[in-house]
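Asks: There's a structure below that I have some questions on.
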Amino acid sequence: MNAVLLTAVLQATSDVANQFNNYLMLGYFVMWLIVMVYIVTLVVRQRNLKQDLQLMQQILQDHEEESES
């Protein structure tokens, strides 16, 4: 009788631990996903800033050429 009770308690504890591990893995995955989305956002913003800077330089150069003529 004690062996059956002990087995039931250990199995219940094991199920709780497995569920905790599943939540832990899910948490790591969600954090990894958030970090990746943030990095991609930063890369896109940097690319857009470089394009804006090139456009501003081109506009300034065109304006200087018009002023000279």
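Asks: Please give the length that would be gained between residue 29 and residue 62 if that part of the chain were fully extended, namely 0.36 nm times their separation in residues minus their C-alpha to C-alpha distance (nm, one decimal). Spell out each step's value before the answer.
Replies: On the way: separation 33, 0.36 × 33 = 11.88 nm, distance 4.96 nm.
Stretched fully, the residue 29-residue 62 segment lengthens by 6.9 nm.
Asks: Okay, next question. Per-residue HN-Hα couplings for the stretch 25-39, Karplus 6.51 cos²θ - 1.76 cosθ + 1.60 at θ = phi - 60°, whole Hz, x for Gly and Pro?
Replies: Going residue by residue, I get 5, 4, x, 4, 5, 5, 5, 4, 5, 4, 5, 5, 5, 5, 5 Hz, with x marking Gly and Pro.
Asks: So, one more: Mind putting a number on the dipole of the stretch 28-69 about its Cα centre? Charges go on the C-beta only, +1 for Lys and Arg and -1 for Asp and Glu, and I need it in Debye to the nearest 20. Intermediate values should be presented prior to the final figure.
Replies: Working: 3 positive and 6 negative charges, 132 e Å.
For the stretch 28-69, the charge dipole is close to 640 debye.
Asks: In whole Hz, with x marking every Gly and Pro, tabulate ³J(HN,Hα) for the stretch 57-64 from phi via Karplus 6.51 cos²θ - 1.76 cosθ + 1.60, θ = phi - 60°.
Replies: 5, 5, 5, 5, 5, 4, 5, 5
Asks: Can you send over the carbon and sulfur percentage of the accessible area for the stretch 27-69, probe radius 1.4 Å, protein chains only?
Replies: Values: 2790 of 4260 Å².
Ligands and nucleic acids excluded, carbon and sulfur give 65 percent.
Asks: With every protein chain kept in the model, how would you rank 7, 41 by accessible area, 1.4 Å probe, largest at the top? Present the calculation step by step, with values, prior to reporting the outcome.
Replies: Values: 7 85, 41 65 Å².
The most accessible residue leads, giving 7, 41.
The values are calculated or read from the model by the stated rules, or taken from the named source; none is laboratory data. In this text, all values refer to a predicted model and were calculated from it rather than measured experimentally. Positions of Cβ are generated from backbone atoms using ideal geometry, with glycine treated the same way; all protein chains shown enter the neighbour counts. We work out accessible area using only protein heavy atoms, side chains counted, and drop any ligands, DNA or RNA first. Shrake-Rupley method; radii C 1.70, N 1.55, O 1.52, S 1.80 Å.
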